[in-house]
Amino acid sequence: MAELTDPELKARLAAAEEALRRAEVRATVGQLALEMIHEIRNPLEALSHLTFLARSAAEPAKVTRYLDLAEEQMAHLRYISGKTLSYSRSAYSLEPADLVKVAEAGVRIHQTRFSRNKIRLVTDLPEQVIAPIHFGEMLQVVSNLLANALDAVSGSGCIRLRVRAQENEAHILVADNGHGISPQHIRSVFEPYFTTKGEHGTGLGLALIRKIVDGHRGRIRVRTSVRPGRCGTTFRVSLPTNG
């Protein structure tokens, strides 16, 4: 077997590095596509129900209200698509915003599902909690946490949503009385593509949440129980309020 010369080695190494780079790009684009598909499902479902309600409403005021809510969902979809197209950005643009308004917008995304499944929602929201955030991304966090809670509870279920300010932090808490997360799964819930929902889950929701929270220099914690009569899961997102 003939030995390779330095130029040949360098050429092969360069070709291998280029192949690896292309593979990494394809993997990144593929994951972004899956993330986008995951994120657009909730606002698309809300849009479907809102347009149905608008067509069925007899009072002009109700039609206007449903169309306003539909426009809010379309704005969220535009944000998701725009974020995906500009995925190469290197920094978050954080501006002071009201986390209470974020929480209220998250509830509106799932309002029809709450009503249809007869899930009780208990909110504990102060007048205002300001923190430096990217509004659209934090809305994704709240929406995904509510979606997971809705998946976990049954017809007699209850979901709690709370926003609090404490010292130099703001906290968003979403708790449910659903089936809980088993101990063997709790360490994996934030890993990409890990899901306990079978073909109905993508395993991207909580991974996206952690990615967004990390980008806001925050943290997310989970507490869960599968004990009969005391089962349920609580997620708490903590964000700095001092910029």
Report summary line: Taking Lys and Arg as +1 and Asp and Glu as -1, residues besides S154 with C-beta under 12 Å from its C-beta add up to 0
Query - Pairwise FRET efficiency - R227 versus L125, Cβ, R0 = 30 Å, nearest 0.05 - result: 0.55
Query raised in the report: When only Cα pairs under 8 Å and 6 or more residues apart are kept, what is the percent relative contact order across the stretch 91-240?
Result: 24 percent
Requested in this report: Using a cut-off of 15 Å between beta-carbons, work out the net charge of the residues near E59 (Lys and Arg +1, Asp and Glu -1, E59 not included).
Outcome: +2
Query raised in the report: So if R0 is 45 Å, what FRET efficiency would C158 and N242 give, r being the distance between their Cβ atoms, rounded to the nearest 0.05?
Result: 0.85
Report summary line: Note, the stretch 67-76: 3J(HN,Hα) by Karplus (6.51, -1.76, 1.60, θ = phi - 60°), whole Hz, Gly/Pro = x, goes 5, 4, 5, 5, 4, 4, 5, 5, 4, 5
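The numbers here are math on the coordinates, done by the rules we state, and not lab data. Everything numeric in this text was worked out from a predicted model, so none of it was measured. Methodologically, a virtual Cβ is constructed for each residue, glycine included, from the backbone with ideal geometry; neighbour enumeration extends over all protein chains shown.
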